[in-house]
Structure formats: C-alpha cells, structure tokens
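Everything below concerns the one structure shown next.
The values are calculated or read from the model by the stated rules, or taken from the named source; none is laboratory data. Since the structure is predicted, the reported quantities are computational estimates derived from the model, not experimental observations. Note that each Cβ is placed from the backbone with ideal geometry, even for glycine, and that neighbours are counted across all protein chains shown.
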Amino acid sequence: MSDALTEMLRGLRLDGVEYGRCKPCAPWATAFPAGEAARFHFLASGSAFLQVPNGEWMPLKCGDAVLLPHGDAHVLASAPGVDAKPFASLPRKTLCDGIIDVECTNPQGSNLLFFAIMRFNVDKHHPLLQMMPDVMQARDLAANEPAIPPLLDAMMREVEMNRVGSGGMLARLADVLTATLIRTWVECGGAQSSGWIAAVKNPDIGRVLAAIHTDPSQDWNVEELAKLMGASRSGFAQRFADAVGETPARYVARTRMQQAHQWLQEGQRVASVAEKLGYDSEASFSRAFKRIMGAPPSQFRKRESVSAFASSSEA
C-alpha cells in the first residue's frame, strides 16, 4: 500500500459514541433509522437476518459482525417478514457511561446482540467514505486479514464471561474491529484499478492528495501542488485531472468545503470556520460554501444527535 494511502488511513478514526446490547426472543424485528453515523452490529449468540439498504435479507450467524459505514436505514430480525419496531421505541437502561441495555419482552431468548453507533473523524463526503459499500461483513474480509478472526473471538469471550467491565472491553474491541474492516477493504476489496483509490496509490498523485487531505485548511494553489509532485504546472494539472477526474483547483475547493461541513456539524460557528479557512469575511465563505455544497453553511451547523440509542428523534 502506498505511503500516501497509509497516511490517510492512519488519520481516519472512528469515535464510538454509544454502545448497546440486547437479548431478544423470537419472533422479533427492530428497525434502525438512517443517520449520519456508521452502525455496527455483532451477533454474539443465536441467529438473525439483516435487511440491507437495497431491501435484500442477509443471514447472520453466531459470531458475525457487520458495519454499515453510511448509516443507512436497516432492519435486524429473527426472520424476514416480522413486523419491525422502531429501535427508539424500545425501553432501555444505562449500564455505564455510553453503554446501554435494551430491555426485551422476554430477555431469556437465545439471541445476544451487541451494537454501536460510531462517527468518522472526517466528513461523510470524503472520497474514501463515499466509495465504501453499504455493508461490510467481517467474514467476507477475514480471508484477507488474519487479525479479524481473533478480534471476533475476543468479543465472543467478553460476552460469554460477562466479567466486570466487559461492556467497555466490547466497545473498544468494536472500535478496533471496525478500523480493521475498513483497512482490509481498502487493501483488498476497494483497490480498484481506476478511480480515487488508484489515484492515491500512485506515488506522485498520492503525495499531492495526502497533502490536501492532511491540511485542508490551506488554500493550495496549482504551483504549490505541482512542486510537491516535482512537475511543471501544466504537466501536473493534466496528470491530476486524468487520475482524479477533476481539476486540482476544484478538488482543493471541494475538500476545503467538506472540512468546513465537518466543523459545522461539530457545532462550530460559521464565522469561526470562515476564519480557519482564511476567508476575509463570513459572507465570502458562505458564498463559496453554497456554490460547492448546494446550501448555505447555516443549514449544516446543527449536528445530528449522537444519542441514537437514547432519543426517538431519528426514528
């Protein structure tokens, strides 16, 4: 894997916001609403079905783990066709900070589910996130990554032993497993011969893309980027456009506005974001943001509630 792609993956992090567990008794079905954050599910015991975003049902076996990186709406059920209850409508209690227990009608069921809501530290419009599939399944990627089965085994042991602090251990293992799934997908399943990932893997273009994404607040110009690649201005611009599919100036502008979108989603003020990106005024930043993102920055400032497990606002 190229140094540029390694650098980008090193900077890509998932922050676990909330975790939960449930012991449903068949028949059962739970509908999870769409949201900004990624969703993670681990079936510690029993069996289940996942209705993926395209409507198809995917069987899950004991020890299976899945990641929905785009946070698409989906359903978990004991069998296809069972009427699904909105997740937000289910009663729950807090086990400890950030970890909840969903209370089922019959908690003595043979199924044990662990689930999580996680946020990427980059904007949802980042090219790497945009290219990810709707669903990543651990067992599909395990053949190419020997670290995945031991992580799943460790999660199973934490569930079975039910020791003090097992909820926190499961949360940390889920974070590591999720990051491993993404890295494995990039190295294997996501390694197209063309497109953005191929461009990042190119030693010359990749160095430029890594610089842009590492420091998106800098208003890179073509001359600076050409110097990074060690090429003439015109030669660089043509090679970049051929590899990435758009001009360097357009790519830089879009990346900067994606960073602005991320800051706004975190609750930062428009004026503060404009200043960070070097704009002389909030008005000029707002015009640039709307031109690229399609709406004024004020519409994006309020971040989605992180408490998808504790609030019915997402249902």
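Among the residues making up the range 115-139, a single one is in a loop (DSSP other than H, G, I, E, B), charged (D, E, K, R) and over 10 Å from the mean Cα position of the chain (by Cα): ASP134.
Has the range 157-164 got at least one residue that is modelled with pLDDT of 75 or more and over 18 Å from LEU68 (Cα atoms)?
To start, the set of residues in the range 157-164 that are modelled with pLDDT of 75 or more comprises 157-158.
The next check asks that each one be over 18 Å from LEU68 (Cα atoms); those that pass are 157-158.
Within the range 157-164, one or more residues are modelled with pLDDT of 75 or more and over 18 Å from LEU68 (Cα atoms).
One residue alone among GLY63, GLY55, GLY46 is exposed (fewer than 15 other Cβ atoms within 10 Å of the Cβ), more than 27 Å from GLU266 (Cβ to Cβ) and not aliphatic (A, V, I, L, M), and that residue is GLY55. When every residue of the range 23-31 is checked against the conditions, none turns out to be surrounded by fewer than 18 Cβ atoms within 10 Å (Cβ to Cβ) and under 30 Å from VAL200 (Cα atoms). Among the residues in the range 235-257, are any touching a helix residue (DSSP H, G or I) at 6+ places or on another chain (Cβ under 8 Å), farther than 21 Å from HIS126 by Cβ, among the small types (Gly, Ala, Ser) and free of Cβ contacts under 8 Å to residues at least 40 places away in the same chain? Yes - at least one qualifying residue is present in the range 235-257. Residue count for the range 218-233 under the criterion of being touching a residue at least 12 places away in the same chain (Cβ under 8 Å), surrounded by 15 or more Cβ atoms within 10 Å (Cβ to Cβ) and either in contact with a Leu (Cβ under 8 Å, 6 or more places away or on another chain) or not in a loop (DSSP other than H, G, I, E, B) (or both): the result is 4. Taken over the range 27-49, the criterion of being of a type outside the set (A, V, I, L, M) and within 19 Å of ASP64 (Cα to Cα) is satisfied by TRP28, THR30, PHE32, ARG39, PHE40, HIS41, PHE42, SER45, GLY46, SER47, PHE49. Among the residues making up the range 55-81, those that are part of a loop (DSSP other than H, G, I, E, B) and either in contact with a strand residue (DSSP E or B) (Cβ under 8 Å, 6 or more places away or on another chain) or within 19 Å of ILE117 (Cα to Cα) (or both) are LYS61, CYS62, GLY63, ASP64, PRO69, HIS70, GLY71, ASP72, ALA73, SER78, ALA79, PRO80. Tell me whether the range 7-20 contains one or more residues that are surrounded by 20 or more Cβ atoms within 10 Å (Cβ to Cβ), out of contact with any Cys (no Cβ under 6 Å at 6 or more places or on another chain) and either farther than 24 Å from ARG172 by Cα or among the hydroxyl-bearing types (Ser, Thr, Tyr) (or both). Yes, the range 7-20 contains a residue that is surrounded by 20 or more Cβ atoms within 10 Å (Cβ to Cβ), out of contact with any Cys (no Cβ under 6 Å at 6 or more places or on another chain) and either farther than 24 Å from ARG172 by Cα or among the hydroxyl-bearing types (Ser, Thr, Tyr) (or both).
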